[in-house]
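Accompanying notes for the structure given below.
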Amino acid sequence: MKTKTAALTALALLTGLGAASAEPLKIGMITTLSGPGAGLGIDTRDGFMLAVKQSGASDVEVLVEDDGQKPELAVQIADKMIQSEDVGVLTGIVFSNILMAVAPSVTAQDKFYVSTNAAPAALAGKGCNPLYFNAAYQNDNLHEAMGEYANRDHKKMFIMAPNYPAGKDSLTGFKRYYKGEIAGEIYTQVGQTDYAAEIAQIRASGADGAFVFLPGGMGIAFMKQYAQSGSDVPLMGPGFSFSQDVLGAIGQAALGVKNSGQWAKDLDNPASKRFLEAFQAEYKRLPSIYAVQAFDAAQLILSAHRTAEPSDTEAFRAALLKADIQSPRGKFAFNTNQHPIQDIYLTEVVDENGTLTNHIVEKIFADHGDAYAAECQM
């Protein structure tokens, strides 16, 4: 799949917000638009394109391609975008194993990568790079918040995640803050659909709670099977396991589950309200945190382009670092490793007039950075 999208010139004339820089900006978006993770990529694409449309920039072109959740394909697409399409910035990858294959190659070719989601620890610490920015979080962050929350009522937790970089970061983050006993720790296959054996282990573990990170189709399959199993071990997870894109498919089994995120639809700030209204008007559905992160990534790139070209790496990097955006998340700033410092909330799945969604319960972390920034030498 390949889509070329340019913001409308007429809209730029109406709004007067066209970019001030002289060169057109080509952005290469590689994301997952097919397979079990497609919902995450679709929300990523749509959130990003909403910001491009709202900017009114007439000199911005976004090339969108599907990675099929295959690292080798993503690398091929990235090289083609850089060498044949002359893109200045790449973005959009959902899964950390794909990003680990793509980002080092992109920065080695002197191109910027601004991540909309994937945020492996290896790129936040010693492997940081001046041309690599993350607009979402660092992989450990939302899981750290649930480890902190689990300390309140759970003395023995079972933890589970897929066996890829984000899954390993997930459980590392949870354990960094959780002080109780780990009753069991499992890494499942990426894309796994049958969780009978894992559910049996949870039930037999003696745990008084289970933390589960399974994004996209993995989470849908697990939650349906867990509900059918009759297990009474309460579940919790990061917002990725219970994000808006999967709640409809999971159904009532998700109701009341506590999770974590940097944003939920009831976050009370003007930018969030504007984003929510605009996304629903454009796409006729509620956005997920993937859409919010991509919206902000686009805002960052477009804001930087107003004053600098990606070809002028020092000036464009300095413009990105200013984080001159109004994020639906509220406060937003970059840490020294070019990953966000932001608030993280405890959220709960609720039924809002027949639609499952997340509402904020409380703030767990304020101005939270990540554990790897001190290792980053830039």
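I'd like to check something: does the stretch 170-180 contain any residue that is hydrophobic (A, V, I, L, M, F, W, C), within 21 Å of the chain's Cα centre (by Cα) and either under 16 Å from G237 (Cβ atoms) or outside the structural domain of D232 (by TED's automatic domain parsing) (or both)? Yes. The residues of the stretch 164-188 that are crowded, with 16+ Cβ neighbours inside 10 Å, among the charged types (D, E, K, R) and either at pLDDT below 95 or touching an Asp or Glu at 6+ places or on another chain (Cβ under 8 Å) (or both) amount to a single one, D169. Checked against the criterion of being touching a residue at least 24 places away in the same chain (Cβ under 8 Å) and farther than 29 Å from D59 by Cβ, the stretch 309-323 has no qualifying residue.
Just wondering, is there one or more residues in the stretch 143-153 that are under 18 Å from the mean Cα position of the chain (by Cα) and over 25 Å from T347 (Cα atoms)? Reasoning before the result, please.
In the first step, residues of the stretch 143-153 are kept if they are under 18 Å from the mean Cα position of the chain (by Cα); the result is 143-146.
Narrowing further to those that are over 25 Å from T347 (Cα atoms): none.
Checked against the condition, which is being under 18 Å from the mean Cα position of the chain (by Cα) and over 25 Å from T347 (Cα atoms), the stretch 143-153 yields no hits at all.
Output the residues belonging to the stretch 125-142 that are without any contact (Cβ under 8 Å) to a residue 60 or more places away in the chain and under 18 Å from the mean Cα position of the chain (by Cα). Even if it seems obvious, please write down each step before you answer.
Step one: list which residues in the stretch 125-142 are without any contact (Cβ under 8 Å) to a residue 60 or more places away in the chain, which gives 127, 139.
N139, the sole residue that qualifies.
If you check D110 against the conditions, is it closer than 21 Å to N335 by Cα and of a type in the set (D, E)? When the stated conditions are applied, D110 does not pass them. Do the conditions hold for A161, that is, is it surrounded by fewer than 24 Cβ atoms within 10 Å (Cβ to Cβ), without any contact (Cβ under 8 Å) to a residue 60 or more places away in the chain and aliphatic (A, V, I, L, M)? Against the criterion (surrounded by fewer than 24 Cβ atoms within 10 Å (Cβ to Cβ), without any contact (Cβ under 8 Å) to a residue 60 or more places away in the chain and aliphatic (A, V, I, L, M)), A161 does not qualify. All conditions in (1) surrounded by fewer than 16 Cβ atoms within 10 Å (Cβ to Cβ); (2) in contact (Cβ under 8 Å) with a residue 12 or more places away in the chain; (3) assigned by TED's automatic domain parsing to the domain that holds A51; (4) not charged (D, E, K, R) hold for H359, with the sole exception of (3).
So, L255, is that one in the same structural domain as A204 (by TED's automatic domain parsing), closer than 22 Å to R45 by Cβ and in contact (Cβ under 8 Å) with a residue 40 or more places away in the chain or not? It is false that L255 is in the same structural domain as A204 (by TED's automatic domain parsing), closer than 22 Å to R45 by Cβ and in contact (Cβ under 8 Å) with a residue 40 or more places away in the chain. Just a yes or no: is a residue in the stretch 50-59 among the charged types (D, E, K, R) and in contact with a Leu (Cβ under 9 Å, 6 or more places away or on another chain)? Scanning the stretch 50-59, I find at least one residue that is among the charged types (D, E, K, R) and in contact with a Leu (Cβ under 9 Å, 6 or more places away or on another chain), so the answer is yes.
Give G147, G191 a once-over and let me know the one that is in contact with a strand residue (DSSP E or B) (Cβ under 9 Å, 6 or more places away or on another chain) and either more than 17 Å from G237 (Cβ to Cβ) or surrounded by fewer than 17 Cβ atoms within 10 Å (Cβ to Cβ) (or both). First the steps, then the outcome.
Details: G147 fails: either more than 17 Å from G237 (Cβ to Cβ) or surrounded by fewer than 17 Cβ atoms within 10 Å (Cβ to Cβ) (or both).
Result of the check over G147, G191: G191.
Screening F95 on (1) out of contact with any Leu (no Cβ under 6 Å at 6 or more places or on another chain); (2) assigned by TED's automatic domain parsing to the domain that holds R203; (3) among the aromatic types (F, W, Y) shows it passes everything except condition (2).
Of all positions in the stretch 16-26, at least one carries a residue that is among the hydrophobic types (A, V, I, L, M, F, W, C) and modelled with pLDDT of 95 or more.
Being under 24 Å from the mean Cα position of the chain (by Cα), surrounded by 15 or more Cβ atoms within 10 Å (Cβ to Cβ), more than 24 Å from E362 (Cβ to Cβ) and not assigned by TED's automatic domain parsing to the domain that holds G354: is that true of A278 here? The answer is yes for A278. Screening Q293 on (1) part of a loop (DSSP other than H, G, I, E, B); (2) in the same structural domain as G47 (by TED's automatic domain parsing); (3) within 24 Å of G191 (Cβ to Cβ) shows it passes everything except condition (1).
Yes or no, residue by residue, for (1) of a type in the set (V, I, T); (2) in a helix (DSSP H, G or I); (3) closer than 28 Å to Q69 by Cα; (4) touching a residue at least 12 places away in the same chain (Cβ under 8 Å):
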position: V246; (1), (2), (3), (4): yes, yes, yes, yes
position: N259; (1), (2), (3), (4): no, no, yes, yes
position: A271; (1), (2), (3), (4): no, yes, no, yes
position: A298; (1), (2), (3), (4): no, yes, yes, yes
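Filtering S229, S205 for residues that are at pLDDT 95 or above, touching a helix residue (DSSP H, G or I) at 6+ places or on another chain (Cβ under 9 Å) and over 24 Å from I360 (Cα atoms) leaves a single hit, S229.
Among residues belonging to the stretch 195-219 that are free of Cβ contacts under 8 Å to residues at least 40 places away in the same chain and within 25 Å of the chain's Cα centre (by Cα), point out the one that is farthest from L346 (Cα to Cα). Show your work before the answer.
Taking the stretch 195-219 and keeping what is free of Cβ contacts under 8 Å to residues at least 40 places away in the same chain, we get 195-200, 203-204, 219.
Now narrow it down to the ones that are within 25 Å of the chain's Cα centre (by Cα): 195, 219.
Details: Y195: 26, G219: 19 Å.
The qualifying residue farthest from L346 (Cα to Cα) is Y195.
Of a type outside the set (S, T, N, Q) and free of Cβ contacts under 8 Å to residues at least 24 places away in the same chain: does that describe L73? Here the answer is yes, as L73 does meet what is asked.
The values are calculated or read from the model by the stated rules, or taken from the named source; none is laboratory data. Everything quoted here is computed from the prediction, not taken from an experiment. No Cβ is skipped: glycine too gets one built from the backbone with ideal geometry, and neighbour counts run over all protein chains shown.
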